[in-house]
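Just below is one structure, and these are the notes that go with it.
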Amino acid sequence: MFESYNNILNDLEIASHLRSIKNFEHKDGKYIYIDGKKLLNLSSNNYLGFADNEDITEEFLSFAGKKYAFGSASARLLTGTLPVYKELEALISKLFETDATLIFNSGYHANVGINSSLAGIGDVIFSDKLNHASIIDGMQLAKGKFFRYKHNDMENLEMLLKRERNNFKNAVIVSESVFSMDGDIADLVKLTELKKKYNCILVLDEAHAFGVFGEKGLGVCEELQIIKDVDLIVGTFGKAIGSMGAFVTGKKVLIDYLINKARSFIFSTALPPINIAFSKWIIENKLPYTYDDRMAMLNLGRKLGSESHIIPVIVGENDKTLELSNILYKNGYFTLPIRPPTVPQGTSRLRLSLTTDIIDKDLECLKNLIPVYSRRLLKQ
Ligand SMILES: Cc1ncc(COP(=O)(O)O)c(C=O)c1O
């Protein structure tokens, strides 16, 4: 009965595609320990170090005491919602100066809920080809149609809009701001122009930019001062904020619509109150003091040839990517190989992500090791 599954796993292994979960023994700031070996962690989304900082945990727990429970026990629509959820939503709306905000259990839940519900029968979504799997999964669940435009190619998007827009009722354009696997940034100004010209709803996923870009840490839209031109902005609490969950903020009618139609919101137990309180506490008490560190991290990323703190080292073949990852491992660097379907075929890579405690000197040896393998070299 299980033979076909086993065969698939064997095929994955032969193609250097098989995934397994790596076990850490211990984490300590920018370092992780595996098999007694100390490694610089270049695979973390804990960009500001809030997720596993003992001092922060202690400070938060002394503030929180026993006020917040570790379970919510139900979905919010089913049995109502405690004040802390509304407080976090109000905080996000205030920071972004938007009408309304809704918390989801994760960025995955948010993107699946938004994209599956906004495009009903007769509607359409235009999505960047390299958008995250959660956006793709949402579109696949939608009753409407979707088109994927070439990555960050505004001419290709406009060609599709010209050809298709008038065949549909509602139209949505969806893009990440900082692309999770490439570290490049969408042409957000052009996206806002096109959304106005073709009467579309613009949804931007700032998962990797929220907590990193902008003076207040709200993301690339804050930096470009275009928050008001975007209909819905998605941000996650699980990356730079070091917590768990996500929000979508923007036009009230769309938020009310999501409360009624986004099944990943309606049919899932809400995050624990303690977790909501932690996200709110970090955003209010810690994020405002991170500006200089965030800018230093972004500058280091730019020095290494990226537009952000995420640096792709595109190798191409799966086996070569695994080989490079192993060489780096032996030299004290923890980098995970990223392979299809996470990235397109033939573009397997190492995705290096910086955190604010990593400095240039930490990467010296890595810079010497990488160019031999990589088609797209790190800037020397
Ligand atoms: C661009 C993007 N959106 C959404 C998500 C999902 O967020 P979460 O991990 O909170 O489910 C990710 C996660 O990696 C992401 O990279």
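The values are calculated or read from the model by the stated rules, or taken from the named source; none is laboratory data. Just so you know, these numbers come straight off a predicted model, no measurement behind them. Glycine gets a Cβ as well: all are built from the backbone with ideal geometry, and neighbour counts include every protein chain shown. All accessible areas refer to the heavy atoms of the entire protein, side chains included, with ligands and DNA or RNA removed. Shrake-Rupley method; radii C 1.70, N 1.55, O 1.52, S 1.80 Å.
Structure notes:
- Whole-number Å³ per residue for the convex hull built on Cα positions in the stretch 75-228: 116
- Beta bridges by DSSP in the chain, antiparallel share as percent, to the nearest 5: 60
- Toward the positive end of the charge dipole of the chain, with +1 on the Cβ of Lys and Arg and -1 on the Cβ of Asp and Glu, the farthest Cα among 333, 267, 105 is that of 267.
- Max mean-square fluctuation residue, GNM over the chain, Cα-Cα springs under 10 Å, options 355, 57, 290: 57
- Span per principal axis, largest first, for the Cα atoms of the chain (Å): 56, 53, 53
- 1.4 Å probe accessible area per residue over the stretch 110-216, in Å²: 38
- For the stretch 1-91, applying the loop criterion from DSSP together with a ceiling of 13 other beta carbons within 10 Å to the trypsin sites (Lys or Arg not before Pro) yields 19, 22, 66, 67.
- Beta bridge orientation in the stretch 62-287: antiparallel %, DSSP, nearest 5: 40
- The chain - percent relative contact order, Cα under 8 Å, separation 6 or more: 22
- Extreme residue, positive dipole direction of the chain, given options 254, 287, 314 (C-beta unit charges): 254
- Relative to the Cα centre, the charge distribution of the chain, modelled as +1 at Lys and Arg Cβ and -1 at Asp and Glu Cβ, gives a dipole magnitude of about 780 debye.
- Per residue, the average separation of C-alpha pairs within less than 8 Å and at least 6 apart gives the stretch 62-287 a relative contact order of 29 percent.
- Among the listed pairs 169/196; 162/252; 67/252; 150/197; 38/367, those beyond 21 Å (Cα-Cα): 162/252; 67/252
- Cβ charges +1 (Lys, Arg) and -1 (Asp, Glu), total dipole of the stretch 40-107, debye: 380
- For the chain, the carbon plus sulfur part of the accessible surface works out to 53%, probe radius 1.4 Å.
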